[in-house]
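All remarks here apply to the structure that follows.
The values are calculated or read from the model by the stated rules, or taken from the named source; none is laboratory data. None of these values were measured; they are calculated from a predicted model. Cβ placement follows ideal geometry from the backbone for every residue including glycine, while neighbour counts extend to all protein chains displayed. Accessible surface is based on the protein model in full, side chains and every heavy atom, while ligands, DNA and RNA are left aside. Shrake-Rupley method; radii C 1.70, N 1.55, O 1.52, S 1.80 Å.
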Amino acid sequence: MATSSKFLDWFSEAKSRTTLRRMETDDNFHFIRNNYLFEQFSPDAIAFILLHLIERRYNNDDLIFKEENPSICFFILKQGKAEIFVTPSPGVKIVYETLDPGQLFGEVSVLSSSSRTASARALENDTVMLLMSTFDLEELCRAYPVDGLKLLRAIAGRITDYLATTTRRLRVAQAELHELKQKLDSHDG
């Protein structure tokens, strides 16, 4: 019995190594393997992710998603540039962030199961995105809980960084507004 168990363990390991060797010829393998989100993932979890990622290409000024639309996936920018923005009123556009390759976005509404909180647009021709659906994220967490937790922590870290940046910007805007109010008050007086 022990011999057959050892054989099954060896066979499973050999199968994983063969699968990884095949995947190493895929350019998404190297991109994912070198991305901070997937650091220290098990080979099986990397294989799962590669099987479930969808690659999409966009041209300059193509809309990737629109504010208020339903959300079923998050994105990783593989190539090109993109921006995250809102349009609070007609003709007014506020850019929250310009994204470079390797960055994650669209994660807030995926984790909260809500509508998109902003819009995203490609800024270059041949902008390439890798998408992962919420369903695949949930399956990853069920099948590979340790790796799923690592990904969820990385996503939470991204959200935390974004909130800290937004808080800093709000404080600066409040200080500027206060200063303008004081100048206006002193000018009127």
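Tabulated data for the structure shown
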| quantity | calculated |
| --- | --- |
| The chain: mean projected area of Cα convex hull, nm² | 14.2 nm² |
| Surface per residue (accessible, 1.4 Å probe) for the chain, Å² | 63 Å² |
| Carbon and sulfur %, accessible surface of the chain computed with the full protein complex present, 1.4 Å | 56 percent |
| GNM flexibility winner over the chain from 166, 98, 127 (Cα, springs under 10 Å) | 166 |
| Distribution of pairwise C-alpha distances over the range 54-136, 5 Å bins, in % | 3, 16, 27, 27, 18, 7, 1, 0 |
| Accessible area of residue 187 in the full protein assembly, 1.4 Å probe (Å², nearest 10) | 150 Å² |
| Estimated inter-spin distance, residue 67 and residue 146, nm [label 7 Å along Cα→Cβ] | 4.3 nm |
| Tensor-based shape of the range 120-171 (alpha-carbon gyration tensor, a/c under 1.5 rounded, otherwise prolate or oblate) | oblate |
| Placed amide H near residue 81: partners under 5 Å, 5+ positions off or other chain | 123, 124 |
| Heavy-atom accessible area order for 165, 160, 134, largest first, 1.4 Å probe | 160, 165, 134 |
| Within the chain, longest stretch free of exposed GluC sites (Glu not before Pro) [DSSP loop, at most 16 other beta carbons within 10 Å] | 125-189 |
| Non-local Lys pairs in the chain, i.e. 8 or more apart or on different chains, that have alpha carbons under 28 Å apart | 11 |
| Candidates 90, 43, 145, ranked by Gaussian network fluctuation over the chain, Cα under 10 Å, top entry | 90 |
